[in-house]
Amino acid sequence: MKNKGMNRCRSFVIGLCVLCLAAALLAGCGGKQVKKSRFVGKWNATSAEMSGMKFNIKDLMDEFSMELKENGTCKMNIDDESETGTWEETDTGVKIKDSTETMDMTDKDGKLYVEYEGVSFWFEKE
């Protein structure tokens, strides 16, 4: 019983971090043209890792994806909620900005990786 309760707690914490990450990534500000970027397209979150434990995103929610558009805007979908914002390509991946915070996502072997409040998230392009 203890493991089941602990897994529920970790799943809750990861879900909460996902929502906080979406809010931080997509509050929105100015972007630039990125038409030829290899990052343009839809990216789906596939896994999250916390305290050495890896979780499949599909076990936590129905959808967690982001679409990076050619005009520098982006849209993130989390289940039935969506947010919009802006992005730009960097030497190491992509940077998503809002009025108070900048979030860097790193390209690692063709996947985008970000760490937020102790939880690592991996996104794969569709």
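Can you run phi through the Karplus equation (6.51, -1.76, 1.60; θ = phi - 60°) for the stretch 45-59 and list ³J(HN,Hα) in whole Hz, with x for Gly and Pro?
Couplings: 5, 10, 8, 9, 9, 8, 6, x, 9, 9, 10, 7, 4, 4, 6 Hz.
With θ set to phi - 60° and the Karplus curve 6.51 cos²θ - 1.76 cosθ + 1.60, what are the ³J(HN,Hα) couplings of the stretch 112-126 in order, to the nearest whole Hz, using x for Gly and Pro?
Going residue by residue, I get 9, 10, 9, 10, 9, 6, x, 10, 9, 10, 10, 10, 10, 6, 6 Hz, with x marking Gly and Pro.
Using modelled backbone amide H atoms (1.01 Å from N, in-plane), which distant-in-sequence or interchain residues come within less than 5 Å of Gly93's amide H?
Asp107
What is the set of long-range amide H partners of Ser47 at a cut-off below 5 Å, with H atoms built 1.01 Å from backbone N?
Ile57, Trp122
Describe numerically, in nm with one decimal, the distance between label points set 7 Å from Cα along Cα→Cβ at Asn44 and at Lys58.
0.7
For the stretch 37-43, take each phi angle, set θ = phi - 60°, evaluate the Karplus expression 6.51 cos²θ - 1.76 cosθ + 1.60, and give the result in whole Hz per residue in order, putting x for glycine and proline.
Using θ = phi - 60°, the values come out as 5, 5, 8, 4, x, 8, 10 Hz.
A short reminder: the numbers here are calculations on the coordinates, not readings from a lab. This is a predicted model, so every value here is computed, not measured. With ideal geometry, Cβ positions are generated from the backbone for all residues, glycine too; neighbour counts draw on all protein chains shown.
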